[in-house]
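Shown next, in structure tokens, is the structure this report addresses.
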Amino acid sequence: MTKKEISVLMGLIFTVLFSLCAQDIKAAADICSSTLRLHIIANSNSTQDQNVKLAVRDEVLKSEQILFPDTSDFDKAVEITAERLEDIEDTVNSFLAGKNIGYRCRCSLEKFSFDTRQYQGFALPEGEYTALTVRLGEAEGENWWCVVYPALCSRSCGEIALENSDDFIKTDRITPRFKVVEIFEDIKGMLADSDVPHYTH
């Protein structure tokens, strides 16, 4: 076969593959566009700063009345969270001050690109998500995240409440269909030349 024929054949295979996986790609896009994540970025990767990050995580997860929007609508959840940013920031900064930590936090709602993340029984696909972001100090360390809408963060150190995962992709392992979604997202990102930060786990 000539190079041109091989290219055409590969193009046809790629097209068929994406056609077969169109439903998964749409499902992944729907999940990304209706999920609000909590994203905590440590000051640095020092042991102390990473421990502070985890302590802030635990403190934030205890603040259920301001962290978890009481609504069944994603856009409303984002709106409520935006209204509570100052309260969340005050909660974290009061905690940091009480522990004599020499830096403070900044809270915001932002778009981030995340890799596929597998849990027992379900997975979150790669893609661009809205995130309630808590930046600690210089925010140059490893990040931690969970999902606040729909509420998957539990009060016990960010464990997953599986009973609330009905809207996510049910699977016990990463499968080829997730790889197709990842390839699609990578291509989309290259074509869009997006400046949205990408986080791996």
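Values as computed for the structure displayed
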{"quantity": "Enumeration of residues in region 68-118 that are surrounded by fewer than 15 Cβ atoms within 10 Å (Cβ to Cβ), in contact with a helix residue (DSSP H, G or I) (Cβ under 6 Å, 6 or more places away or on another chain) and in a helix (DSSP H, G or I)", "calculated": "87"}
{"quantity": "Residue in region 20-37 that is nearest to residue 74 (Cα to Cα), counting only those that are surrounded by 14 or more Cβ atoms within 10 Å (Cβ to Cβ) and modelled with pLDDT of 85 or more", "calculated": "34"}
{"quantity": "Residue 128, sole failed condition from (1) under 22 Å from residue 59 (Cα atoms); (2) modelled with pLDDT under 95; (3) not hydroxyl-bearing (Ser, Thr, Tyr)", "calculated": "(1)"}
{"quantity": "Residues that are within 17 Å of residue 146 (Cα to Cα) and not in a helix (DSSP H, G or I), drawn from region 43-67", "calculated": "63"}
{"quantity": "Unmet criterion (only one of (1) within 30 Å of residue 27 (Cβ to Cβ); (2) free of Cβ contacts under 8 Å to residues at least 12 places away in the same chain) for residue 65", "calculated": "(1)"}
{"quantity": "Close pairs from region 38-59: first open to solvent by 40 Å² or more (accessible area, probe 1.4 Å), partner β-branched (Val, Ile, Thr) and assigned to a strand (DSSP E or B), Cβ under 9 Å, at least 6 apart", "calculated": "54/40"}
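The values are calculated or read from the model by the stated rules, or taken from the named source; none is laboratory data. In this text, all values refer to a predicted model and were calculated from it rather than measured experimentally. Positions of Cβ are backbone-derived with ideal geometry, glycine not excepted, and every protein chain shown enters the neighbour counts. For the accessible areas, the whole protein counts, side chains as well, though only heavy atoms, and no ligand, DNA or RNA atoms are used. Shrake-Rupley method; radii C 1.70, N 1.55, O 1.52, S 1.80 Å.
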